[in-house]
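Remarks on the structure that follows.
What follows is calculated from the coordinates using simple rules that are stated; it is not laboratory data. These figures come from a predicted structure and were not determined experimentally. Positions of Cβ are generated from backbone atoms using ideal geometry, with glycine treated the same way; all protein chains shown enter the neighbour counts.
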Amino acid sequence: MDFSDSTTKKFKVPLLTDSVSAGFPSPADDYTEESIDLNEHLISNPFSTFFLRVKGDSMINAGIKDKDLIIVDKSLTARPGNIIIAMIDGEFTIKRLSIKNNELYLKAENHNYPDFRFKNHIDVQIWGVVIYSIHSYL
Amino acid sequence: MRISSIEAIALIDANNFYASCEQTINPHLRNKPVVILSNNDGCIIARSPEARALKIKMGTPYFKVKERLNKLDVAVLSSNYSLYGDMSRRLMNLIKNQCEQIEIYSIDEAFISISRPNDKNLYPWARSVRSLIYQNLGITITIGIGENKVRAKIANKLAKNIDSSAGIFDLAETKNENNYLKKIAVDKIWGVGKQTSSWLQSKGIKNARELRDIEENEIIKKLGIVGKRLQLELKGHKCLPIEKNKKSKKEIQVSRSFSTPITKLEDLTQALATYAIKASEKMRSQNLQSSNIRVFARTSKYSSQNYQRSAHRQLINATDDTNNILKIVVELSKEIYNPEYKFSKAGVLMQDLTNSEYLQQSVINYKSQKDLKKSTSLMKTIDFLNKRFNKNAITWAITKKQQSWSMNKNFLSRSSTTDIRQIPTILK
């Protein structure tokens, strides 16, 4: 098992014995360095990206389920259609930013939950835009 | 093409940094008065603007204002350095992308250099950086701009004190420089210490403008080259460069005050061992090894006893192995212990640090080479498990006993940005 990760550099041990060259080098040698790093693929703005955990089923129709891990980019400007995280009256909320009759509102992706109108609340802040959700099947 | 560009220096700092970090990640704290307590929950070390508005003072011991804070419904939090450190790393990296050079000055402060545009107006740039940081982190920054570090610091103060400045002030481009410099008291100038300021005040020099205009010989006579440099910077000359590659840390220190004083050797050893484990971990995470290990302990500054002792061990080979370090620290704790005193603080220092990559291999023979490999992979495994599961999933038995002396952290917020088990939850 290899416990090394990107933050701990490998300890360098110099070759003290004579080096032995025998046979052909493996043709795969040049290709063994790379591995898929999810950070690299899922996160383009690492300094403004935060993780949150979903509780509840209000976004079930958008494929976001209870206990899912959410990746949020705070640097993005929310546009209608985006799924966003808002701070509303002292709580984090996840909703879809939507537009109807020229009015922005927040839509739950579950018919059991009401839409959210901005004007009924004093303290609302769109906190970030959801870029991925990660669901475990185990 | 620009033929030459004039360089400007800015000092950027985050407003109410610790409280802002907590507020940005916890919706309950938004727009509420928040105070942060020092290590061991002793004093108030940071306040949100809402807490400032309630006239809660910095440095106040918590026990003295506990009831009042309760009544005012102020949120009280222990300092959470894993959160502040992570937010600082984000902040500095975002700033780095907006300037030419950066010198990180403290956890929430950085000097940067930028070139002045042809129209000399840096306000649009500053406004964009300010809104970028707010959008990315939810943290408000103040930007002071000048020709050099001393004047950038002054500009930053002015930006904070002038309501209409909206957090940005450029001292190099203002028309009323004299008026503004008059507002800065000498003891508030960067680089002016207590002694200097009382000497200046005895001379009738009360503010930055008067210090700038004082007879040069007089300042050199009293303060030497340092004073001359300070005056030159006040006048707009650049003497202090941006230090973009600050020298790597020369030592790693882990020290704490105890919640209750320690009198037994057993407790002192346990405390020092706990700090040594932490310091070794820190070294390994930065690929550093120490060849000089020091421990110290002291009595309270406020008690009638005044005792402090330190002891150190010089090693032939630098090490980052917790086992080796613990053996040494346990021995050293016996050397500094004295049963007659009540210790209130102790710590370990890892000195003479070297980078593992430059470790001298020549002195290592075959057997120790094997041991070294074993120790390296053992430490790697322990660090991995602790990172993966829990900070103290694996530790040394010496730390497991009841720790009556350990720090109070009764109001610690979660490590919302650095620990997957502690990330915030969205309710519905």
Which whole-number percent of Cα pairs in region B:68-161 have a distance greater than 20 Å? 45
With +1 on the Cβ of every Lys and Arg and -1 on the Cβ of every Asp and Glu, and nothing else charged, how large is the dipole of the protein assembly as shown about its Cα centre, in debye rounded to the nearest 20? 1840
Just how large is the dipole of region B:182-247 about the Cα centre, in debye to the nearest 20, putting +1 at every Lys and Arg Cβ and -1 at every Asp and Glu Cβ? 280
Using a Förster distance of 56 angstrom, determine the FRET efficiency expected from the C-beta separation of B:T354 and B:E216, and round it to 0.05. 0.80
Inter-chain shielding metric for B:24-33, i.e. average beta-carbon neighbours from other chains within 10 angstrom, reads 4
Place +1 on the Cβ of every Lys and Arg and -1 on the Cβ of every Asp and Glu in chain B, take the dipole about the Cα centre, and give the residue among B:V186, B:S259, B:N31 whose Cα lies farthest towards its positive end. B:S259
Inter-label distance, nm, simple model (7 Å from Cα along the C-beta direction), B:T418/B:V330: 2.9
Tilt, helix B:265-285 to longest principal axis of chain B (alpha-carbon atoms), in degrees rounded to tens, equals 60
With bins of 20 Å, the percent of all Cα-Cα pairs of chain B per bin from 0 is 21, 48, 30, 2
Degrees separating the helix B:123-137 axis from the principal Cα axis of chain B, which is the longest one: 30
Need the list of aspartates and glutamates near A:K67 for cross-linking: C-alpha distance under 18 angstrom, and skip anything on the same chain fewer than eight residues off. A:D57, A:E91, A:E109, B:D419
Given labels modelled 7 Å from the Cα in the Cβ direction, how far is it in nm from B:N178 to B:S377? 7.6
Considering the options B:I214, B:N136, B:S106, tell which one lies farthest towards the positive end of the dipole of region B:80-238, charges being +1 on Lys and Arg and -1 on Asp and Glu at the Cβ, about the Cα centre. B:I214
Can you give the Rg/Rh ratio of region B:109-221, where Rg is from the C-alpha atoms and Rh is the Kirkwood radius? 1.03
Roughly what angle does helix B:216-235 make with the longest principal axis of chain B, taking Cα atoms, 0 to 90 degrees, to the nearest 10? 80
Using 7 Å Cα-to-Cβ label points, what is the B:Q101/B:R309 separation (nm, one decimal)? 4.7
For A:F51, B:F169, A:F118, what ranking results if the residue with the fewest other Cβ atoms within 10 Å of its Cβ goes first? A:F118, A:F51, B:F169
Cα Rg over Rh - the protein assembly as shown, Kirkwood: 1.00
Based on Cβ point charges of +1 for Lys and Arg and -1 for Asp and Glu, what charge dipole magnitude is obtained for region B:93-134 about its Cα centre, in debye rounded to the nearest 20? 200
Run the reach check for B:K182 against lysines, Cα to Cα strictly under 20 Å, same-chain hits fewer than 8 apart removed. What comes back? B:K149, B:K153, B:K157, B:K160, B:K194, B:K203, B:K206, B:K228, B:K235
Mind checking which lysines have their C-alpha under 23 Å from B:K71, skipping anything on the same chain fewer than 8 residues away? B:K32, B:K55, B:K57, B:K409
Please work out whether region B:231-346 counts as rounded, prolate or oblate from its C-alpha gyration tensor, where a ≥ b ≥ c are the square roots of the eigenvalues and a/c under 1.5 means rounded, while otherwise a/b larger than b/c means prolate and anything else oblate? oblate
With Rh as the Kirkwood radius over Cα pairs, region A:59-138 has Rg/Rh of 0.96
So what is the 222 nm mean residue ellipticity for the protein assembly as shown from helices alone, if each DSSP H run of at least 4 adds -39500 (n - 2.57) and you divide by all residues, rounding to the nearest 500 deg cm²/dmol? -9500 deg cm²/dmol
Dividing the alpha-carbon Rg of region B:152-308 by 2.2 N^0.38 Å yields what? 1.53
